[in-house]
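So the structure is just underneath, and the comments pick up after that.
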Amino acid sequence: MKLGFVLCLALAWVELQDVSCQQAKRRKDAAGNRIRPGGKRAKGRISKQKEKETGGRGQSLLTQVLDKGRFLRLGGTTTLNPGKNIELRCKGASIGWSYPSYLNTYNDSRLSVKQSDKYSQLILTSPSAVDTGDYSCWVILCDGSDCHKDPDQSSSSYIYFTDKDNLFVPSAFHFEIVYLRPDKPAVVPCRVTSPQAKVSLHVEVPPAEISANGTLVKYDPTRGFVLQSPGPDHQGVFYCKAVTKGTPQISSKFQLLYVEVPSGPPFVNVEASHEFVRGGATINITCTVMGEPDVDVSFSWSYPGQGQRPVDVQYSKRLVNRGVGRTTLISQSVITVADMETIDFGKYTCKAKNLNGETLVATNIVSG
């Protein structure tokens, strides 16, 4: 009896020792997973840098949906074959997109964008060489009605739709004008559909190839040839030549014109056909802006009989060569008031507006 009791006590003591050892081991393992002196980190935890590499905030939001539900995360450039529908996705509950602008300009029905709870989907059906360009998405952050783009959560990929029959991205124009200014680079926009294409720039008269040395002239397949410091000697008719493995192809032609008009709000002049006008007469007031050839100008008028008297307003514009190598766009708005009455006399104000600002100029029409 006593012997059996002693054996039971011995077995119980062994069990307690085993449990105590296991608890001590678990405490030791837990301590090993904590940050230790000297900057060592637990194996079971992932550093912020590692988190970025494996799918954290630093990772691209933009993916392409492949067959059978597979996804490809897009890099800075992507090369695809034309013809096959493309589906892009961007993670986020509120997403903004940008893509080649002509898809918006012509309301292309091949493009559709849909937003779901967790991502936004862009689908382009039957893509072709003309769809080559930058595709970007970003998270939209809103505070009430105030919404803005989150610069830390955006992705972009320049997609080439490679077509051996169209080495250059097709253009709606067979002859384009490129304006050269002394204060900023100019771009001859002969973009290609394959980053592997070798491209050269040529002038028609006298026939010559322009060397792209990477400093004054450099080539960017996503933009074209960039002229860093354009001048009057760069004027003329140019074209680009591209070649991969087959026959060289020629781009559209480009007319390069040098202009020397300072950038800024419109420089406006207003002039009336007569300063003193009698009742019953007709008067024309002309508002003129001389500016950069590719900067559009809009006009608006305020005048004494506005809303009560009929007037006629005409708009026109024309390019003018102002000496060797200088081209200016002259834009005009003309307001005509016929059969002048007492209410028509007073101040006529022309407001001209462009991307850089607006200018108001007035003239006073007096009865006499």
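The values are calculated or read from the model by the stated rules, or taken from the named source; none is laboratory data. Quick caveat: nothing in here was measured; it's all calculated off a predicted structure. As a convention, Cβ positions derive from the backbone with ideal geometry for all residues, glycine included, and neighbour counts pool all protein chains shown. We work out accessible area using only protein heavy atoms, side chains counted, and drop any ligands, DNA or RNA first. Shrake-Rupley method; radii C 1.70, N 1.55, O 1.52, S 1.80 Å.
When the stretch 90-138 is examined, which residues are found to be acidic (Asp, Glu) and either free of Cβ contacts under 8 Å to residues at least 12 places away in the same chain or closer than 19 Å to Arg191 by Cβ (or both)?
Listed by number, the residues that qualify are Asp108, Asp131, Asp134.
Hey, could you check the stretch 108-133 for residues that are among the polar types (S, T, N, Q) and within 28 Å of Gly224 (Cβ to Cβ) and say which is least open to solvent (accessible area, probe 1.4 Å)?
So the residue we want is Thr132.
Looking at the stretch 58-107, what strands (runs of 3 or more DSSP E) fall wholly within it and have at least 2 residues that are among the hydroxyl-bearing types (Ser, Thr, Tyr) and either open to solvent by 50 Å² or more (accessible area, probe 1.4 Å) or out of contact with any Gly (no Cβ under 9 Å at 6 or more places or on another chain) (or both)?
Here the list reads 77-80.
What number of residues within the stretch 169-185 are of a type in the set (A, V, I, L, M), surrounded by fewer than 19 Cβ atoms within 10 Å (Cβ to Cβ) and not in a loop (DSSP other than H, G, I, E, B)?
Residues in the stretch 169-185 being of a type in the set (A, V, I, L, M), surrounded by fewer than 19 Cβ atoms within 10 Å (Cβ to Cβ) and not in a loop (DSSP other than H, G, I, E, B): 1 in total.
Please state which one of Pro195, Pro221, Pro151 is under 18 Å from Gly76 (Cα atoms), open to solvent by 90 Å² or more (accessible area, probe 1.4 Å) and under 21 Å from the mean Cα position of the chain (by Cα).
After ruling out the rest, the residue left standing is Pro151.
For residues that are of a type outside the set (A, V, I, L, M, F, W, C), out of contact with any strand residue (DSSP E or B) (no Cβ under 6 Å at 6 or more places or on another chain) and farther than 13 Å from Tyr239 by Cα, tally how many sit in the stretch 172-193.
The total comes to 4.
Of Val259, Val203, which residue is of a type in the set (A, V, I, L, M, F, W, C) and at pLDDT 90 or above?
Answer to the selection: Val203.
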